[in-house]
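Notes for the one structure printed next.
The values are calculated or read from the model by the stated rules, or taken from the named source; none is laboratory data. Being a predicted model, the structure only gives us computed values, none of them experimental. Note that we place each Cβ from the backbone using ideal geometry, even for glycine, and neighbour counts take in every protein chain shown.
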Amino acid sequence: MNNYDIIIIGAGINGLTTASILGKKGKRVLVLESREKVGGMASSMEFAPGFKCNVINDTIKWIDPRLIKLLDLNAKGLELVQPEILRIILGENSEHIAFHKDVAKTIDSIAKYSIIDSERWKDFISYIEKLSQFLEKIYELTPPILPKIGIKEILGMRSMLSPIRKHGTRGIVDLLRVAPMMMPELVDEWFENELLRSSISTAGIHHLSFGPYAAGTGYNLLHQHVHGNGLFHNIQFAKGGTERFAIVLKDYAESFNVEIQTSTKVISINTDQNVCNGISLENGEQIMAKQIVSSLDPNNTFLNLVGPSNLTPNFRKQINNIRYRGSTARIHFALSSLPEVKGVTKEQMKTIFSISPSVEYLERASDAVKYGKLSDKPYVEFVIPSVLDSNFAPEGEHVLSATIQYAPYHLRNTEWSDSVKDQLKNNVVDTLQKVIPNIRSIIKHTSIISPLDLENEFGLTEGNLNHGEMTLDQFMFMRPTISSSQYRAPINNLYLCGSGTHPGGGLHGTNGYNAAMEVLKD
Amino acid sequence: MSKIKKYDAIVIGGGHNGLTAAAYLGRAGKKVLVLERRHVLGGAAVTEEIFPGFKFSVCSYVVSLMKSNVMRELMLPKFGLEILPLESTMTPLENDYLIRTADSDQTYREIARHSKKDAENYMRFGPAMGQIGMAVRPILETIAPNPIRPSFSDLSATKRLFDHVKSLSSKQFEYLTKLMTMSSADFLDEWFDYEPLKATLSASGIIGTFMGPYSPGSAYVMLHHYMGDIDGAFRAWGFQRGGTGGVSMAIARSAEYFGVEIMTETSVQNVIVKNGRATGVSLDNGDEYNSNIVISGLDPKLTFLKMIDKSDLPSDFVSAIKNFRIRGSSGKVNLALDALPNFTCMSGDGHHLRGAISISPSYDHLEKAYDDAKYGNFSEAPFMDIILPSVLDPDMAPPGKHVMSCFVQYAPYDINEGWNDQKREAFGDAVINTISRYAPNIKDIILHRQVLTPADLESTFGLTEGNIFHGELTLQQLFSLRPAVKWADYTTPIKNYFQCGSGTHPGGGITGSPGEMAAKKILGAW
Amino acid sequence: MSYKNKFTAHTQLKMSPFFERTSKLNESQEWRRWAGYLAATSYELTHENEYFAIRTKAGLLDITPLKKYIVKGPESQRLLDQLVTRNIAICKVGQVMYTPWCDEHGKVIDDGTVQRLSENKFRITSAEPNLEWIQSNAVGMDVIVKDDSFTTAALALQGPNSRAILNSISSKTLDSLKFFWMMETTFDNIPVSISRTGYTGDLGYEIWMNPNDALTVWDLLIDKGKPFGITPTGLHALDVARIEAGLILLDVDYISSRHAIIESRKSSPYELGLGWTVKMKKANFIGKSSLLKELDRGSRWSYVGVEIEWTEFEKHYRDVGLAPGLPHTAWRTSTPLYFQNEQVGYATSGTWSPLLKRYIALAHLKSKYAKEGSELMFELKVEHFRKLTKATVVKTPFFDPERKRSCPK
């Protein structure tokens, strides 16, 4: 039996990030992954013969700059490409707004619909950039233990001074104003054109179970735009697919003798008198280590692996109260030819599309969650990865990967089944048809991933892609709970590094980075 | 310019906050004039005899949040403040009911009838919310500091609040954070299972706001309703004898006792500003009154966008006020009844009619009502908070007859195609139809009905969009941000012009708090 | 207009299944509310006879309002060991254990008894509703927790003659039933369980039965008990007896940590004189880590017996020309205790013990002042004026007869 300093459960981006950093510091690290390959939510798969897709995330929005620097990711073979067109928002007819890398072009695109709005665009994106700069600094912190905050914690937050110096306390006030806002409140202050208003609103509801009329969508919007210079400006495609990020991290970790075992399922985290001392595998093997780091979500970590009776009643209650409510589904279509998107040229296809004619359209889609139904007219975002990388589909054929909101994990009076999935697919194809009239005739295969599939395949509780909703009540010192927000479980020697910790979901590695720093402290 | 008379202070609007501010200034020896546009005092807290013999608390209908020091300092009981307790809250259901009474053991047994777990949790819920209410109290009682260019007193207020927050337990802090950010439904789901109980509790999270129980932020509104106390008992609701106008009248009598002059049917056209300084007001009839300071009890939009010429205000301030969200979402239906309503679930007369009756059988009921409003319609089956004032105070109606007050949500101000007489009546019908599901005799006993839409509330009471709180109680419109950053301490960009309405910290409800704190701020600087 | 025909039976004050009898016997018509039931305060116009029944004959009390829960299933022992401070693993079938249970900070939530009915079935009794707490801690365990409060009726028969009465009715003899053990038997073919437990500190039993059998059992006891002086007894008499026995009462002597609102109202088992129930040797239980720390550091508070010294007490009354004013019934108002000029604690229950002829009380004291023999001052109101009178810390129970534990030879 080997003895390790640290065992990391789960080889997603955060697990691998923590492993890389700890490995580099000379620790003996073992990473255990239940799936047969690493990457977690940054995985690819062949869903039909010759057709590949990014299972969950088509793009990478931001990667923690500290991680890029520390691991020198770019030199290690991670090539991120920012498309010329960042995003195209489609209305119900062929109207659309294209957001370009070149702001001037975006302004032109907006001006087609509203001159006033186009004139405000630059101010708006620098406003968002300003607010996200505050958030960036907050994200790099380990949340303080509140409310008992002392001098040490205040000094620990001194990095907040640099954005304050730049933008004044006004910046913080603006952040405090915008974060709790709902999308209509934010866009009311800036824009009149409905298509533009809904474009912005899509960022507020990304991967959320709430609609744009929910307070706090302002925060979700900002979360998407950390380390970006304005709205939508941080979207990047990884050359070779999103999983490249995971592979680069894995190679890096292994170069520091980190041992990574795939197809190895951990079935329990073992504790004795509130001290964590190792894990047990499905095959009955037990492995001891000084420190255990879980990159799984809090539900899996605590209720499934540690076990409810090893938690204090209060902590167990806090864990039970974390809201997941996955409401996002994915559908990958194998297509016999390049789809024709109304009003969009072939050259413009290397982007993300979203179908969001109005804020009300998005809100109506979200109403379904409350009543445990599928949206009749869902919000659909799609990418055609095969135009970015020809390896994704056979010659002349294509892949369309759609992200769908809302497809709630909790359905009323029914459960996820093939017929529900068919209904979902029909709703999505109906929606796509409005912008891709020939879509039905070119579909060869379909792969539908429901929130339940996400739970079963990726161990995402309730299919939530963020390991817990990205809402203000689950932010910072409340993430995952008020008593475990410093990357430490209330069980000695057990740490958390997954998206369920501060600062939440996304392929950025900040959770893993911050967690590694805490592990090293002890 | 026919009349020139000089006052220390002029208060625009004889609502309860304006009167409170006036009374405090009068108490400090200032010469104060209150100008009220309507023929009655009280603003949204008025009693009117709408139909002969039937008196109504036309708009605001219950009292709980009135600050006890205001009652004491203004000697309100001496001037007619008499608050009768509302003993229970009943939620009628199709075949059953849920009732919470003044006796905690009985309430335990009643909830246990539906869920034992909920009954046990309910015994802890009230005290827990009371604790949070207490934790929030010092924040509410602090004049909101200016975070942009803090003065010494702003800094010391901030320090005091910081120390206060540090003194909270982790549990309190956790609840507080959750209450500030969550939806009332999500917050209550952490405590309870039984749907009618959760829905009824969540209803206080939607009253007066344009949110549904599933809307994040509604938990704070729920907390706002938990901050009241009568005689030291948290979460006690009461009915002013003679109607809510009695509260305003008590404050008015108190103000007059302190030498305040009050004029009704006197409509202010605008505030006179000279060199960035308020010097008085001019009336619709052309009269002018001069004073050292002017205080507005109106909502922020009227206070700044109507009363002041835009050119006198900084442009970023004007846009901040324009961006201040005031959304009308509620209506009021006042009924004159020939007899008592007969509820199917608990028939006949009884104690249950002495309390509130809440039409909130499920989250779905409330949320669907909200969905209707969200898309520009009044709720087909609305949420209602009903009381029968004449059961508590027989003087409200002729002998044997009754008055019924129905607070209704939702009725959006921005209704599709706009409000008109037909829409108003249709709205009234929706209300009556919903009540008749639970009390089938209602249609037969109605003698008169008054339906107030948000548009009516606006035109009658001067409430922008008919919003009863002078602005949504959302996180970004509280404390130092209410109504706008830098100007949350009752001052305004115009020198000698102050604000004291519910659109300022700590917000709406019959609290007297904005009026009191504004007066204290003014007197502190005098 | 009354609640009666408006509210469902569940919502009204409940009547115990013995109410048909007890209501007719209650001469004083004095009732108290106990856990939503009407319970007799005293049956006669004064409670003295009932008190002496407990100490010299046999008092019969309706204790149906107690909360009762059944825990069963393969992991029921594990759940209970997590939940309570005593070691349930060593509790044999037929044995009963008195124990408190704590929150995770080691503060007492409630106290009661755990009866092991079979290998995998237990009954818990408690003062307040605890279903939610037990159920929430059973998450993930193979157990069923069910509320047994309305499905089991209970009587307490307490006093030196109680064994003889039961022996005259029961199909099996109780002679070998040891203190804090229980047995199954029948009364005229009616199945009942009898535990040798009680709240009086005397020889006594508690009888658990199906509510449908309640009246028959009551009648049998009254009938057969008559020659032995059986006496229906109310809560006033019980209160005196339980203070003499040094037994604590929730919401009087301490507040459940789940309802305490503020920290200072909460008490650990050590602070309630229940240190003996905390079994640190068992693997883990809720509150253990906090209690270990407390054990290490010492408890801030102690719970002790206090005796108010007679001579000085009498003198205070003599000084104003009155005979000593002893309380008629047990009192429950918190009363300050001083050491010199500093308040160092407070008594929460007190009574004149008619049997011991001593004025006794139960009190929370700062540990420093809680040593046996410590001399304190007890606050007293004599003719509207406050006085301080001497009181001494003494051992509890104040009354502890041999018969409580012994079995006939």
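Observations on the model:
- Scope segment A:140-173; condition within 14 Å of chain B (Cβ to nearest Cβ) and more than 21 Å from B:Phe162 (Cβ to Cβ); matching residues: A:His167
- Among the candidates A:Phe333, A:Phe315, A:Phe353, residue that is touching a residue at least 60 places away in the same chain (Cβ under 8 Å) and within 14 Å of chain C (Cβ to nearest Cβ): A:Phe315
- A:Lys137 falls short on exactly one of the conditions (1) crowded, with 19+ Cβ neighbours inside 10 Å; (2) more than 13 Å from chain B (Cβ to nearest Cβ); (3) of a type outside the set (Gly, Ala, Ser), and that condition is (1).
- Single residue of C:Lys107, C:Lys121, C:Lys72 found to be within 14 Å of chain A (Cβ to nearest Cβ) and not hydrophobic (A, V, I, L, M, F, W, C): C:Lys107
- The set of residues in segment A:216-230 that are small (Gly, Ala, Ser) and touching a residue at least 60 places away in the same chain (Cβ under 8 Å) comprises A:Gly216, A:Gly228, A:Gly230.
- Residues satisfying the criterion are absent from segment A:226-246 (criterion: acidic (Asp, Glu) and surrounded by fewer than 20 Cβ atoms within 10 Å (Cβ to Cβ)).
- In segment C:31-48, the residues that are surrounded by 17 or more Cβ atoms within 10 Å (Cβ to Cβ), at negative phi and touching a residue at least 24 places away in the same chain (Cβ under 8 Å): C:Trp34, C:Tyr37, C:Leu38, C:Ala39, C:Ala40, C:Thr41, C:Ser42, C:Tyr43, C:His47
- Candidate set from segment B:91-134 (those that are among the polar types (S, T, N, Q) and at the interface with chain C (Cβ under 7 Å from one of its Cβ atoms)); member that is nearest to the chain's Cα centre (by Cα): B:Gln131
- A:Asp522 meets the conditions (1) at pLDDT below 95; (2) within 14 Å of chain B (Cβ to nearest Cβ) in every case but one. The failed one is (2).
- The condition of being more than 12 Å from every other protein chain (Cβ to nearest Cβ) and farther than 21 Å from A:Gly241 by Cβ holds for only one of A:Pro339, A:Pro378, that being A:Pro378.
- When B:Ile387, B:Ile468, B:Ile446, B:Ile435 are checked against the criterion of being of a type in the set (Val, Ile, Thr) and surrounded by fewer than 22 Cβ atoms within 10 Å (Cβ to Cβ), a single residue qualifies: B:Ile446.
- Residue that is farthest from C:Tyr37 (Cα to Cα), among those in segment C:124-144 that are of a type in the set (A, V, I, L, M) and more than 14 Å from chain A (Cβ to nearest Cβ): C:Ile144
- Of all residues in segment B:135-162, exactly one satisfies the criterion of being at the interface with chain A (Cβ under 9 Å from one of its Cβ atoms) and either crowded, with 19+ Cβ neighbours inside 10 Å or under 27 Å from the mean Cα position of the chain (by Cα) (or both), namely B:Pro147.
- Residues that are among the hydroxyl-bearing types (Ser, Thr, Tyr) and in a loop (DSSP other than H, G, I, E, B) were ranked within segment A:339-359; the one that is surrounded by the most Cβ atoms within 10 Å (Cβ to Cβ) is A:Ser356.
- Filter result (within 14 Å of chain B (Cβ to nearest Cβ), crowded, with 20+ Cβ neighbours inside 10 Å and either in contact with a strand residue (DSSP E or B) (Cβ under 8 Å, 6 or more places away or on another chain) or not in a loop (DSSP other than H, G, I, E, B) (or both)) within segment A:183-200: A:Met183, A:Glu185, A:Leu186, A:Val187
- Residue in segment A:437-453 that is under 16 Å from A:Asp58 (Cβ atoms), surrounded by 22 or more Cβ atoms within 10 Å (Cβ to Cβ) and touching a Cys at 6+ places or on another chain (Cβ under 6 Å) present: no
- Residues of segment B:311-330 satisfying the condition of being outside any helix (DSSP H, G or I) and either surrounded by fewer than 18 Cβ atoms within 10 Å (Cβ to Cβ) or at positive phi (or both): B:Pro314
- Entirely in segment B:49-118, the strands (runs of 3 or more DSSP E) that have 2 or more residues that are buried (at least 24 other Cβ atoms within 10 Å of the Cβ) and touching a helix residue (DSSP H, G or I) at 6+ places or on another chain (Cβ under 6 Å): B:89-92, B:97-100
- Candidates are the residues of segment C:165-191 that are out of contact with any Ser or Thr (no Cβ under 7 Å at 6 or more places or on another chain) and closer than 16 Å to C:Trp218 by Cα; the one that is surrounded by the fewest Cβ atoms within 10 Å (Cβ to Cβ) is C:Asn189.
- Lone qualifier among B:Ser379, B:Ser358, B:Ser405 - being touching an Asp or Glu at 6+ places or on another chain (Cβ under 7 Å), away from chain C (no Cβ under 14 Å) and part of a strand (DSSP E or B): B:Ser358
- Hits in segment C:172-190 (condition: in a strand (DSSP E or B) and either out of contact with any Asp or Glu (no Cβ under 7 Å at 6 or more places or on another chain) or acidic (Asp, Glu) (or both)): C:Trp181, C:Met182, C:Met183, C:Glu184, C:Thr185, C:Thr186, C:Phe187
- Single condition B:Phe192 does not satisfy, out of (1) under 30 Å from B:His365 (Cα atoms); (2) assigned to a helix (DSSP H, G or I); (3) in contact with a helix residue (DSSP H, G or I) (Cβ under 9 Å, 6 or more places away or on another chain): (2)
- The C-beta contact set for segment B:103-128 (first residue within 14 Å of B:Leu201 (Cα to Cα) and at pLDDT 95 or above, second residue among the basic types (Lys, Arg) and part of a helix (DSSP H, G or I), distance under 9 angstrom, 6+ apart or interchain) comprises B:Asp118/B:Lys198; B:Ala119/B:Arg109; B:Ala119/B:Arg113.
- Residues that are more than 22 Å from B:Glu94 (Cβ to Cβ) and away from every other protein chain (no Cβ under 12 Å), drawn from segment B:336-355: B:Ala336, B:Leu337, B:Asp338, B:Ala339
- Filter pass, B:Leu298 being more than 14 Å from chain C (Cβ to nearest Cβ), part of a loop (DSSP other than H, G, I, E, B) and within 24 Å of B:Leu35 (Cα to Cα): yes
- Segment C:355-409, residues that are surrounded by 12 or more Cβ atoms within 10 Å (Cβ to Cβ), of a type in the set (A, V, I, L, M, F, W, C) and either farther than 24 Å from C:Gln340 by Cβ or out of contact with any Ser or Thr (no Cβ under 8 Å at 6 or more places or on another chain) (or both): C:Leu355, C:Leu356, C:Val382, C:Leu388, C:Ala391, C:Val394, C:Phe398, C:Phe399, C:Cys407
- Residue within segment B:163-173 that is more than 9 Å from chain A (Cβ to nearest Cβ), under 26 Å from B:Tyr122 (Cα atoms) and not in a loop (DSSP other than H, G, I, E, B) present: no
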